[in-house]
1. Counting only protein heavy atoms and a 1.4 Å probe, tell me what percentage of segment 2-134's accessible area is made up of carbon and sulfur.
2. Write down, largest first, the equivalent ellipsoid semi-axes of segment 168-309 in whole Å, where each equals the square root of 5 times an eigenvalue of the alpha-carbon gyration tensor.
3. I'd like to check one number: the per residue accessible area of the chain, probe 1.4 Å, reported in Å² as a whole number.
4. For segment 55-102 and segment 20-51, what is the separation of their Cα centres, given in Å?
5. Pop the C-beta distance of residue 259 and residue 306 into the FRET formula with R0 = 22 Å and round what comes out to the nearest 0.05.
6. Dipole of the chain (Lys/Arg Cβ +1, Asp/Glu Cβ -1, origin at the Cα centre): which of 5, 257, 119 lies farthest to the positive side?
7. Carbon and sulfur together cover what percent of the accessible area of segment 190-268 at a 1.4 Å probe radius?
8. With the cut-off at 14 Å, report for segment 43-115 the share of all Cα pairs above it, as a whole percent.
Amino acid sequence: MARVLVAGGAGFIGSHLCERLLEKGDEVLCIDNARTGSWRNVEHLRGRRGFEEMVHDILKPIDIEVDRIFNLACPASPAHYQKDPVFTIRMSTIGVFNLLDLAKDKGARLLQASTSEVYGDPLVHPQKEDYWGNVNPVGPRSCYDEGKRLAESLALAYHQTEGVEVRIARIFNTYGPRMSQDDGRVVSNFIVQALRGEDITVYGDGKQTRSFCYISDMVEGLVRLMDKDRFTGPVNLGNPDEITVLELAERILKLTPSKSKIRFDPLPRDDPARRRPDIDLARGILGWEPRVGLDEGLKKTIEFFRQVF
Ligand code: UDP
């Protein structure tokens, strides 16, 4: 049994991770500043043996006894991280320093959540871990992209100079129950719009692609990566099933089912044209691959939003 700190534990991925770790028998300390996360996400875990929660912002140092640290604390939806780019950068720098210092003091292992955004608007397809990416350092996404790139560098530097055990997960688009209604990301936007009978807002011509991973698959990947011994380099976690945004809209219209119309809105600047993970590394070292197909995952997510309304 390990004592595990989940930073960003009240967020979408964090809350599912807390649940999974408790099932595994770990003690979980969930910390969050509740800025983009919500304590409602972990309400059902309150009172469970081994579960603790604490309001804490990782921009402040923290001193507690832990064996393992998952750092998922950062706004992750473009709509949110672009609202306060300075805060986003602080989370991926000062916040990461603080947790790495904690890991160093306690001899704990730290898994840093990175992102497919480190590949920017990729010129190589699908994206493998050894691709360096195509990131605009001064674009609207740079606070997140460059922040996470630096977070990876920091984690590796602490490993090299301080001997801290680090793991780096490059998380690709993930969806599922507990995404917030106003998350701003494509899956939640389209489902909410379809259920309300509002126009589906496809940005650009909808030919850009993404590859969507269901939350339970992502959490399983994160747990396995944390448990993996002697592997410091970044590992892609995502579902390689690639789909255009327009196809996604049509799929959601069919599954809800909804009579909403598709509306074409302007494409945001620097919106990556294609994205799909190469997951051979994760398959090889973790024996992991996604199991939940898009239709099945979308149905569960639609069901979740139906209950929220
Ligand atoms: N998108 C869209 N309509 C929306 C929200 C997003 O067409 O209401 C598009 C967006 O332009 C991008 C893709 O869907 O091409 C995925 O966007 P999201 O914000 O979910 O994540 P990203 O992968 O861009 O970080």
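1. 50 percent
2. 29, 17, 12
3. Accessible surface, normalised per residue, equals 44 Å².
4. If you average the Cα positions of each part, the centres end up 17 Å apart.
5. Efficiency for this residue pair is about 0.85.
6. Checked the options; the winner is 257.
7. Roughly 51 percent of what the probe reaches on segment 190-268 is carbon or sulfur.
8. When every Cα pair of segment 43-115 is considered, 65 percent fall beyond 14 Å.
The values are calculated or read from the model by the stated rules, or taken from the named source; none is laboratory data. Predicted model, so just to flag it, every value in this text is computed and none were measured. Glycine also receives a Cβ, built like all others from the backbone with ideal geometry; neighbour counts cover every protein chain displayed. For accessibility, only protein heavy atoms count, side chains too; no ligands or nucleic acids. Shrake-Rupley method; radii C 1.70, N 1.55, O 1.52, S 1.80 Å.
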